[in-house]
There are 2 protein chains.
Amino acid sequence: MAKKKQFKKELADMEENFPQWYTDVISKTEMVDYSPVKGFMVIRPYGYAIWENIQSAMDKRFKETGHQNMYFPLLIPQSLLEKEAEHVEGFAPEVAWVTKGGGKELQEPLAIRPTSETIICDMYSKWLHSYRQLPFLYNQWCSVVRWEKTTRPFLRTSEFLWQEGHTLHETKEEAEEETMRMLNIYREVVENELAIPLVVGRKSEKEKFSGAEATYTIEAMMHDGQALQSGTSHYLGQNFTKAYDVTYLDRNNEQSYPFHTSWGASTRLIGGLIMVHGDENGLVLPPRIAPVQVVIIPVAAHKEGVLDKAYELKDALKGSFRVELDDSDQSPGWKFNQWEMKGVPVRVEIGPRDLEAGQAVLARRDTGEKITVDLENLEQEIGALLEEIQKNLYQKALKHRDERTSEAKNMEEFKKNLQEKPGFIKAMWCGDRACEDKIKEETGATLRAIPFEDEQEVIGDGTCVCCGKPADKMAWFARAY
Amino acid sequence: MAKKKQFKKELADMEENFPQWYTDVISKTEMVDYSPVKGFMVIRPYGYAIWENIQSAMDKRFKETGHQNMYFPLLIPQSLLEKEAEHVEGFAPEVAWVTKGGGKELQEPLAIRPTSETIICDMYSKWLHSYRQLPFLYNQWCSVVRWEKTTRPFLRTSEFLWQEGHTLHETKEEAEEETMRMLNIYREVVENELAIPLVVGRKSEKEKFSGAEATYTIEAMMHDGQALQSGTSHYLGQNFTKAYDVTYLDRNNEQSYPFHTSWGASTRLIGGLIMVHGDENGLVLPPRIAPVQVVIIPVAAHKEGVLDKAYELKDALKGSFRVELDDSDQSPGWKFNQWEMKGVPVRVEIGPRDLEAGQAVLARRDTGEKITVDLENLEQEIGALLEEIQKNLYQKALKHRDERTSEAKNMEEFKKNLQEKPGFIKAMWCGDRACEDKIKEETGATLRAIPFEDEQEVIGDGTCVCCGKPADKMAWFARAY
């Protein structure tokens, strides 16, 4: 007989070596793997199922707000990519080029899309004629390639899966409204479904999308005190519509350029999910996004009636939850470890004594707490418990984020805070690129987001944390993935 | 004011110039467009919505039969692609090569996946250890690139969207069973959801997938008498598992190679949908796959109550059907034409007189027939009508296929049939490649499928249509897209 594969809970200590803990978790849970192509990842079924849940949560909201999906070519001619100057400057260094096809050298190199504004605007210029057709509210789900030197699965890879929305509007106001609408959809999905609290705001000129007028972002705080940009929504003004000659006959019978937005979120979110909720026992998944919400584990499965009852419970629960029954011939302890590692929110244990008492034991992944419930109320109890776990994970993450947030009035304080308790630093900023650069150079922290007007605060005496000049903006800084 | 865009029903005559009719339909319905990259298509929202419906019908069935989705890299190293000799020979001429990335010449060229057996087997060799892990039942939804000289949207393009299933099994029998299971899922989806009747069977050695032991296919008959391969399921034996060194410890504690299948269906199916059901007025969509199942068109919309009633009906119907209300300021006649062109199965007309009588008119896209129904029964009547249309479209297509099917006992008859009534030719075949080649050379027809044993017939005296030698196989031949 083949020797049984031993499942070992060998994770690096997350407080001591968080990068290794991350690598251990993603490989031991079989979420993702390294591929034979450097920097490219394979998303395994357990990781992909999480992506499917994120996709479906987002796609539903996109459609509810009037967006339709479409699909654009993977490859973009070099000449087309180069029409918007700032855009190509930002993306050119990361592009992968196809130079041969069908056995021949191509006349013009084709870029694998790093993002699709260019080719989409080129087609929009063909499709758009009259204001009656506006707004254009379209999105695509696809993969993009951006050549990266240093990669980490989900967080930074040379290929990733994402969605990119591309909309056109008659007025600046409508486009700005759309930019905010989609930012709020990201915020809502990430907070409510992924249970990740966010800092929301605008990017600085330095950090914005190449070619955008303004980029808005949702930023999350990871366990180790580093931030993760988790979705961005761009107001592009008429930069691309002018460069790609997208015009239409407006209400005054004049040729006009429409106003433009784009917005994207990617498989990076899975990395965030791992690094926000995970613990020393592995993954911890919020119920709404977990591929398996409930795992049933029979105890003393050889005893009469146990396995039958476990199957019966699975059948009874599968209409309401994503449920698995582990009937493999491993020991219950081994199974407990494995499913804990996989982050399944609720474990149902059922053994001979439970059977006799008409009960089962429910174990929560987030707190480790166990409760005994009557089988009659099982479905109801699990439902309530999943809700409770979803809320608790958000609260726990919020508490962590708050603990990892501090204020700095000067550079000394900035550095001290970042060293003693890495996380977000709230600080005043004069708006000068020079100060932003200096902060990055001296601390490794970047400007993550400038909160909206109604969330602005004044830190200290209101002078720039870096140069000491009067500053009218507060910003969130952090080291980031 | 901008001049109203005139919607003109200008389709080529489908009997006289079918290719032009196809081109007209796909562009006038805004399903697809030509992109700035030669041979690559843009799938527009109306076309993509059909793909989403096909995807969801298939994905549901894949999951019900135990398959999980995953995602593999877009790029495959040249050395990896070349490990299975027959496979690379088949695909190499169609490959697009990435030779530069991140500003540098790559050490090894990377192929954009034409299909993913090679990279998936490479990873399977890492993941598979024991028979306990088998079967591997995985699938991916993605795009693939195969450089084509002559392209037509949906039917043959250098990039297309598809799914590719890749499974591993302990025994030959299990793998063969899986090959058939997936073939039957394709058959069921295409027949029941797309309302397209099929010829099902095995491909010849010449026509099979490069690297397969056996390829099974579903073949459909288009309006013009050409066949369309609409999905294939391959039994790959151990060809790839040996080439990529995929081994596991079997039940006898010995290292074994698993048995392997792959199966794929693509956006080609949309081309089939158009060419099977379309008519002189444009697209005709089967209700189960139509992005819009019901369109409500107010007549004399300026009259009191009409538009309100139309909105009310939309609200009442939207829980049960995919319904649109056309409240644009075009004339009803223009709208009728447009939505007919788009192939919407049922049109609801509501005007002042209908309002008074508490009725509405339902117009069927498939037959043009109109019926008047009480508003009280509207939902029920539409439901029944959609079912009726779904069935009728299948029956109509089946009748067409049967009319386009003939038998040939010798080459003379073969050519005569193909000229007089292009379509499927059922003929005996000795099994020799030479005869298959000669048939293609002389008639342009290829062997589409060899029916399964229980569907075999003897045509004429049972001798090969080409060489006249005894033949034990009947096969379906046709010219094909």
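Across segment B:465-481, computed HN-Hα scalar couplings (Karplus, 6.51 cos²θ - 1.76 cosθ + 1.60, θ = phi - 60°) run 4, 9, 9, x, 6, x, 9, 9, 10, 9, 9, 9, 10, 5, 6, 9, 6 Hz from first to last residue, x flagging Gly and Pro. For chain B, the longest principal axis of the C-alpha atoms and the axis of helix B:117-127 are separated by about 70°.
Helix A:45-64 and the long axis of chain A differ in direction by around 50°, with both axes built from C-alpha atoms. Inter-copy label distances at A:ALA434, using a point 7 Å along Cα-to-Cβ, come to 8.8 nm with the shortest given first.
Trypsin sites (Lys or Arg not before Pro), restricted to segment B:136-188: which are DSSP loop and have at most 12 other Cβ atoms within 10 Å? Answer by residue number: B:LYS149. When shorter helices are ignored and each DSSP H run of at least 4 residues is given -39500 (n - 2.57), the per-residue value for chain B at 222 nm works out to -10500 deg cm²/dmol.
When a footprinting reagent is the concern and you count Cβ atoms within 10 Å, what order do A:VAL144, A:VAL458 take, fewest first? Could you put the intermediate results ahead of the total?
Working: A:VAL144 20, A:VAL458 11.
Ordered from fewest to most neighbouring Cβ atoms within 10 Å, A:VAL144, A:VAL458 come out as A:VAL458, A:VAL144.
Relative to the longest principal axis of the Cα atoms of chain B, the long axis of helix B:378-403 lies at roughly 50 degrees.
At most 11 other Cβ atoms within 10 Å plus a DSSP loop assignment makes a site exposed; report the longest stretch of chain B without any exposed GluC sites (Glu not before Pro).
Values: sites that count: B:GLU10, B:GLU15, B:GLU16, B:GLU254, B:GLU280, B:GLU304, B:GLU369, B:GLU457.
My reading of the result: B:17-253 is the longest stretch.
Simple rule: put +1 on each Lys or Arg Cβ and -1 on each Asp or Glu Cβ in chain B, find the dipole, and look at B:HIS302, B:VAL346, B:TYR186; the Cα lying farthest toward the positive end is B:HIS302.
For segment B:24-115, the relative contact order works out to 19 percent when only alpha carbon pairs closer than 8 Å and six or more residues apart are counted.
Between copies, the label points of B:ASN192, set 7 Å from Cα on the Cα→Cβ line, lie 3.4 nm apart, reported in increasing order to one decimal in nanometres. Under the shape rule built on the C-alpha gyration tensor, where the axes satisfy a ≥ b ≥ c, segment A:294-391 is oblate, since a/c reaches at least 1.5 while a/b does not exceed b/c. The modelled label-to-label distance for the pair A:GLU280/B:ILE371, using points 7 Å beyond Cα in the direction of Cβ, is 7.0 nm. A:CYS467 label point (Cα plus 7 Å toward Cβ) to equivalent points in the other copies: 8.8 nm, shortest first. Between B:LYS60 and A:GLU16, the FRET efficiency estimated from the beta carbon spacing at R0 = 35 angstrom works out to 0.20. By its C-alpha gyration tensor, with a ≥ b ≥ c as the square roots of the eigenvalues, how is chain A shaped: rounded for a/c under 1.5, else prolate for a/b larger than b/c, else oblate? Prolate is the answer for chain A, as a/c is 1.5 or above and a/b outweighs b/c.
Mind checking the dipole of segment A:294-391: about its Cα centre, +1 per Lys or Arg Cβ, -1 per Asp or Glu Cβ, Debye to the nearest 20? Walk me through the intermediate numbers first.
On the way: 13 positive and 20 negative charges, 72 e Å.
Result for segment A:294-391 is approximately 340 debye, rounded to the nearest 20.
Each Lys and Arg contributes +1 and each Asp and Glu -1, all at the Cβ; summed about the Cα centre of chain A, the dipole is approximately 1080 debye. For segment A:405-478, the relative contact order is 43 percent, taking Cα pairs closer than 8 Å that sit 6 or more residues apart in sequence and dividing their mean separation by the residue count. Just want the answer: with Cβ charges of +1 for Lys and Arg and -1 for Asp and Glu, which residue in A:GLN456, A:ALA445, A:ALA408 is farthest toward the dipole's positive end in segment A:405-478? In segment A:405-478, that residue is A:ALA445.
Normalised by the number of residues in chain A, the average gap of Cα pairs under 8 Å and 6 or more apart makes the relative contact order 14 percent.
The residue list B:ILE389, B:VAL200, B:GLN229 was ranked by how far each Cα lies along the charge dipole of chain B toward its positive end, using unit charges on Cβ atoms, and B:GLN229 comes out on top.
Mind putting a number on the dipole of segment A:349-481 about its Cα centre? Charges go on the C-beta only, +1 for Lys and Arg and -1 for Asp and Glu, and I need it in Debye to the nearest 20.
Once rounded to the nearest 20, the dipole reads 780 debye.
Kindly identify segment A:18-277 as rounded, prolate or oblate by the Cα gyration tensor criterion: order the square roots of the eigenvalues as a ≥ b ≥ c, call it rounded if a/c is under 1.5, otherwise compare a/b with b/c, prolate if a/b is larger, else oblate. Since a/c reaches 1.5 but b/c is at least a/b, the shape of segment A:18-277 is classed as oblate.
FYI, it's all coordinate maths here, none of it is from the lab. Worth saying up front: this structure is predicted, and the values here are computed from it rather than measured. With ideal geometry, Cβ positions are generated from the backbone for all residues, glycine too; neighbour counts draw on all protein chains shown.
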